[in-house]
1. Of everything in segment 97-106 that's out of contact with any helix residue (DSSP H, G or I) (no Cβ under 7 Å at 6 or more places or on another chain) and outside any loop (DSSP other than H, G, I, E, B), which residue is surrounded by the most Cβ atoms within 10 Å (Cβ to Cβ)?
2. Take the residues in segment 155-168 that are touching a Leu at 6+ places or on another chain (Cβ under 9 Å) and over 20 Å from Ala89 (Cβ atoms); name whichever of them is most open to solvent (accessible area, probe 1.4 Å).
3. How about segment 67-79: which of its residues are among the aliphatic types (A, V, I, L, M) and either part of a strand (DSSP E or B) or crowded, with 24+ Cβ neighbours inside 10 Å (or both)?
4. Under the condition of being under 19 Å from Ser39 (Cβ atoms) and not β-branched (Val, Ile, Thr), which residue from segment 106-115 is farthest from the chain's Cα centre (by Cα)?
5. Given the criterion touching a Pro at 6+ places or on another chain (Cβ under 9 Å) and either open to solvent by 10 Å² or more (accessible area, probe 1.4 Å) or β-branched (Val, Ile, Thr) (or both), identify the matching residue among Ala142, Ala109.
6. Can you name every residue in segment 24-37 that is modelled with pLDDT under 95 and open to solvent by 10 Å² or more (accessible area, probe 1.4 Å)?
7. Do the conditions hold for Arg124, that is, is it modelled with pLDDT of 95 or more, out of contact with any strand residue (DSSP E or B) (no Cβ under 6 Å at 6 or more places or on another chain), open to solvent by 40 Å² or more (accessible area, probe 1.4 Å) and not in a loop (DSSP other than H, G, I, E, B)?
Amino acid sequence: MVVPAFAALGGHHAAHGPPSGRAARRLMARTALVTGASSGIGTATARQLARSGVQVVLHGRNEDRLAALAEETGGTALAADLAHPGAAADLAERALAVTGSVDLLVNNAGLGWAGPLPELSEERLRLLVTVNLTAPLDLTRALLPAMLERDRGQIVFVSSIAGRTGVAGEAVYAAAKSGVDAFADSLRFELHGTGVTVGIVVPGVVRTEFFERRGRPYTRGTPRPVSAERVAAAVVRAAARPGDYYVPRWLRIPVALRGTAPGLYRALATRFGTES
């Protein structure tokens, strides 16, 4: 996950600690499915939810890590590769079989890649779109009917600043995350007046294995990476009090600039660079 370099020239860093007691009380979820829970943001989110008394269902690809986290949190591990056709619908069915209902869905699983577009293989392109965009859409569609029937549910999408500003070298990843944003916003409008809420968390650079896995390490001194725990706290807040949560909060500045003065934004982005 990346941030336009010039964004660090303005704004301020706002602390995001563990979710407040008020946020935990508002959470109201008895059960939660967290995708991408075998590392990074997903692991931190599962731990914070479990500490709030939520029964967690843990999705990921690394079975050993999932098993260890399940033992730590008292949750249930469900390994699956969301890149496979039908995997999201199957995961939803397995989660419901374990818990009977999923009150909170955290769409967090993601896959990255960095480099010039011509170097991106067709197979990797399809994986990026499937894991980052198609899978959360399918998983949400599978779990939403039961939430609507109960008139209660919470859906949180972990997006990226890349999806709101655009990033050189990560065009497909940014496009997929932008699609997640548009889907989440549209779903929020669609669900208005129901008991199902939608929250979006927009992280910048996060201290996780994401950059190693995407094939290019993060080498900039600024913006400084934030912890996965800080993003996880925002996920819990987004479930308890739906809205858009930037981590850190000053990331809303380049997004606002892009919306109100796109010409100036592009000039600054071109001058200072948007590649991590």
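1. Going through segment 97-106, the residues out of contact with any helix residue (DSSP H, G or I) (no Cβ under 7 Å at 6 or more places or on another chain) turn out to be 97-100, 103.
In the following step, the residues that additionally are outside any loop (DSSP other than H, G, I, E, B) were identified as 97-99.
Working: Ala97: 9, Val98: 15, Thr99: 17.
It comes out as Thr99.
2. Arg164
3. Within segment 67-79, the subset among the aliphatic types (A, V, I, L, M) is 67-70, 77-79.
Hits for segment 67-79 are Leu69, Ala77, Leu78, Ala79.
4. Start the filter on segment 106-115 by keeping residues that are under 19 Å from Ser39 (Cβ atoms), which leaves 106-114.
When the remaining residues are screened for being not β-branched (Val, Ile, Thr), the result is 107-114.
Numbers: Asn107: 6, Asn108: 4, Ala109: 7, Gly110: 7, Leu111: 11, Gly112: 12, Trp113: 16, Ala114: 18 Å.
Per the criteria, the residue is Ala114.
5. Details: Ala142 fails: touching a Pro at 6+ places or on another chain (Cβ under 9 Å).
When all the criteria are applied, what remains is Ala109.
6. Filtering segment 24-37 for residues modelled with pLDDT under 95 gives 24-30.
Passing the criteria: Ala24, Arg25, Arg26, Met28, Ala29, Arg30.
7. Values: modelled with pLDDT of 95 or more: yes; out of contact with any strand residue (DSSP E or B) (no Cβ under 6 Å at 6 or more places or on another chain): yes; open to solvent by 40 Å² or more (accessible area, probe 1.4 Å): yes; not in a loop (DSSP other than H, G, I, E, B): yes.
Against the criterion (modelled with pLDDT of 95 or more, out of contact with any strand residue (DSSP E or B) (no Cβ under 6 Å at 6 or more places or on another chain), open to solvent by 40 Å² or more (accessible area, probe 1.4 Å) and not in a loop (DSSP other than H, G, I, E, B)), Arg124 qualifies.
So that you can scan it fast, the table gives a plain yes or no per residue for (1) modelled with pLDDT under 95; (2) of a type in the set (Lys, Arg); (3) more than 16 Å from Val167 (Cα to Cα); (4) surrounded by fewer than 17 Cβ atoms within 10 Å (Cβ to Cβ):
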site: Phe189; (1), (2), (3), (4): no, no, yes, yes
site: Pro203; (1), (2), (3), (4): yes, no, no, no
site: Tyr218; (1), (2), (3), (4): yes, no, no, no
site: Thr222; (1), (2), (3), (4): yes, no, no, yes
site: Ser227; (1), (2), (3), (4): yes, no, yes, yes
site: Val236; (1), (2), (3), (4): no, no, yes, no
site: Pro248; (1), (2), (3), (4): yes, no, yes, no
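The values are calculated or read from the model by the stated rules, or taken from the named source; none is laboratory data. In this text, all values refer to a predicted model and were calculated from it rather than measured experimentally. Because the Cβ atoms are built from the backbone with ideal geometry, glycine has one as well, and the counts that use them run over all protein chains shown. Surface accessibility is based on the protein's heavy atoms, side chains included, excluding ligands, DNA and RNA. Shrake-Rupley method; radii C 1.70, N 1.55, O 1.52, S 1.80 Å.
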